[in-house]
Amino acid sequence: MTKRLYYDSAEMREFDSVVEDVAPLTPEQSRPAVILRETAFYPTSGGQVHDTGWLTVNGGDRGAERLRVSEVADAEDGRIVHYLEAPAKLPLAGAAVHGSIDPERRRDHMQQHSGQHVLSAAFVELYQMQTVSFHMGEDYCSIDLATPSVKSAQIAGAEKRANQVVFENRPVRVRYVSRAEAERLGLRKLPPAERDELRLVEVADFDLSACGGTHVSASGQIGSILLRKTEKVRQGTRVEFVCGDRAVRMARRDYTALSEAAALFSAKLWDVPDQIRKSVEESKLWRKQKDDALDQLAELMALAALQNQPETNGRKIIVRAFSDRDIGFAKLFAQKVTRVGMPAIALVASTVDPPGLVFAQTSAQASGGAPGPTADMGALLKQVLSSVGGRGGGSRDFAQGGVPAGCNVNVEQLLREAAGTIGA
Ligand SMILES: [Zn+2]
């Protein structure tokens, strides 16, 4: 088993050790790996993400070699595996190494992890909500609470209490106890029975839990705890949060986005939600006015077209290609033509990208049960589209389709073809 130096010194960033084992590149293993006698590198576990850093090998005649540690993992046998960025000139077993941990990354992880303990304890203290899991991501962290929902007042309450504990700068200590003693102490979370000795992390007079992670030595070092969104998950409610530097970065990002939004509205920062509400309402109203106007326009155009078109075989056939209106308007126009009450057929197209066709006829019902000779719109559309590889279809009275984008189809020509087929 690798001796874990971080257990007793979370502050250690530099250490000396000896190479115990080396796993070279193989077809199965894309990265070489090194196992040391002892290490201060933290392997991904307990929700906390691994460290990164450097191993400097004193290679004697070969000179010093710097190896980049890109990932650190726990092996099943209790050893810690340092994965190296490939390709690397590997040291030999027995070689002396000096390890250096990326300090910023480790400090960030300590802030997040200690912040999580404080936050989880705050949820228990105030609302009896237990944390069932902890996740540390690249941008934010999250805990899953064993509760179906968390109210926004509870989010604010837990955040306030957790930050109070941060401001009080309480000592954070690590100690080891037997399992029996741990049970007596009443931990917030007791791990499943495995080890005889437990490592406890204590935030003085506030939280006591079993944990193998690296923690700050006083709660003030967490900096601040900022709660963000909540989300329903299978095991309860997920609460996103960020601590320390991340909280500052996130707040800066939020502020920048909000400032941009405020500038667009020429509004004050906190008036942005009101401005957005107003804008949404306005655009709803405009959309409705536009739809009404288009509906009226289509109706007037349909009436004019019918008036100017002589009857053929007891019905009026309107053929129209719109070059300045979309397929939605073409459809509206066709509906108006065929719903006025007189037997009519509308063969309509829009040449606006993507071009499309709408064929419609007055239904037997709408024309008073006595229509002139009718056609099958669905079949007619399929027939003219099949010649150009278009797709579409519909019923006997209404059909809609499109021609493939980018292909040079003369839509007016298709309309003439359709009109010819039904003897217009
Ligand atoms: Zn922990």
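The values are calculated or read from the model by the stated rules, or taken from the named source; none is laboratory data. Note that the structure is predicted; figures quoted are calculated from it, not measured. Cβ placement follows ideal geometry from the backbone for every residue including glycine, while neighbour counts extend to all protein chains displayed. Surface accessibility is based on the protein's heavy atoms, side chains included, excluding ligands, DNA and RNA. Shrake-Rupley method; radii C 1.70, N 1.55, O 1.52, S 1.80 Å.
Between the Cα long axis of helix 272-308 and the first principal axis of the chain there is an angle of about 20°, rounded to the nearest 10. Cβ-Cβ distance of S178 and L258, R₀ of 56 Å, FRET efficiency by 1/(1 + (r/R0)^6): the value works out to about 0.60.
For a straight C-alpha distance cut-off of 17 angstrom, the aspartates and glutamates reachable from K229 (same-chain residues fewer than eight places away being disregarded) are E138, D139, D144, E159, E240, D254. Share of carbon and sulfur in the accessible area of the stretch 21-166 stands at 52%, probe radius 1.4 Å. Over what distance in Å are the Cα centres of the stretch 260-338 and the stretch 116-137 separated? Here the two parts' Cα centres lie 53 Å apart. Note on surface exposure: K278, K336, K331, K160 rank K160, K278, K331, K336 by accessible area, highest first, 1.4 Å probe. Here, the stretch 271-375 has an Rg and a Dmax of 17.7, 65 Å when only alpha carbons are counted. Shape descriptor for the stretch 46-121: Rg over Rh equals 1.08 (Cα atoms; Rh from the Kirkwood inverse mean 1/r).
Considering only protein heavy atoms, what per residue accessible area in square angstrom results for the stretch 242-312 with a 1.4 angstrom probe? Spell out each step's value before the answer.
Working: 5380 Å² over 71 residues.
For the stretch 242-312, the solvent-accessible area averages 76 Å² per residue.
Expressed as a fraction of 2.2 N^0.38 Å, the value expected for a compact globular protein of N residues, the C-alpha radius of gyration of the stretch 237-298 is 1.78.
Considering Cα pairs under 8 angstrom that are at least six residues apart, work out the relative contact order of the chain and quote it in whole percent.
Details: 827 pairs, mean separation 40.5, N = 424.
So the answer I get is 10 percent.
Taking the square roots of five times each eigenvalue of the Cα gyration tensor of the chain, the equivalent ellipsoid has semi-axes of 72, 30, 20 Å, listed largest first.
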